Each structure stands twice: as structure tokens, then as C-alpha cells.
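Notes for the one structure printed next.
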Amino acid sequence: MRLLQKNLWMIAMSLAMASAGHAGPLVEPTLHIRPQASGAGRVALTLDACGGQTDSRILSALVDNKIPATIFVTGIWLKRNAAAVEIMRAHPD
């Protein structure tokens, strides 16, 4: 049994080292916004509100700067974040 565990461990380590050696460089995401005829760029912002708490910094930034956003929520999120729901209802735009 011990020999089997040792062999499995050696195989796992070999695979991990082999895959790490062939890993490519990290890809840094970039965003390219093409200006419209008016010269202004446009971005569509969507947020997923799942079962967690509201990040009030994000919600405040959206409201304070009048940034339109589409927010996808779940029933659980609606029940747990009544204050955020009221803020969004007060600012439907």
C-alpha cells in the first residue's frame, strides 16, 4: 500500500512539474473602446448579484455618477439586500 501511495505521489508531482513547464505567459486582459462618430466611447456594464451582500461602494458610484447598469439578481439576493433594492428603485435610470 505504501509503495502504491509513493508511486501515485511521484506521478502527481511529475505531472504538476511537466504542466508548469509548458505553461504560457499570463494574459493581461485589455479593453479597446472604439469612439463613435461623436467621439465618445460607450461601454455596457452588467453586474451579477447572486447570494452575497451588496458592495455599497459600487452601488454608490453608479448612483452618484449616474452610470446606467444592468444588474441581474436572484431571489435570495433580493431578500438579503432590501436596502440596496430600495436604492435601485429610487434610481431606476
### Query
Within the bounds of the range 29-42, is there any residue that is of a type outside the set (V, I, T), more than 30 Å from P68 (Cα to Cα) and modelled with pLDDT of 75 or more?
no
### Message
Given the condition at pLDDT below 85, in contact with a Phe, Trp or Tyr (Cβ under 7 Å, 6 or more places away or on another chain) and among the small types (G, A, S), answer yes or no: does some residue in the range 4-21 qualify?
### Response
no
### Summary
Per the filter on the range 36-93, residues surrounded by 10 or more Cβ atoms within 10 Å (Cβ to Cβ) and among the β-branched types (V, I, T) are T54, I58, V63, I67, I71, V73, T74, I76, V85, I87
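The values are calculated or read from the model by the stated rules, or taken from the named source; none is laboratory data. All values reported here derive from a predicted model rather than from experimental measurement. Using ideal geometry, Cβ is built from the backbone for each residue, glycine included, and neighbour counts are taken over all protein chains shown.
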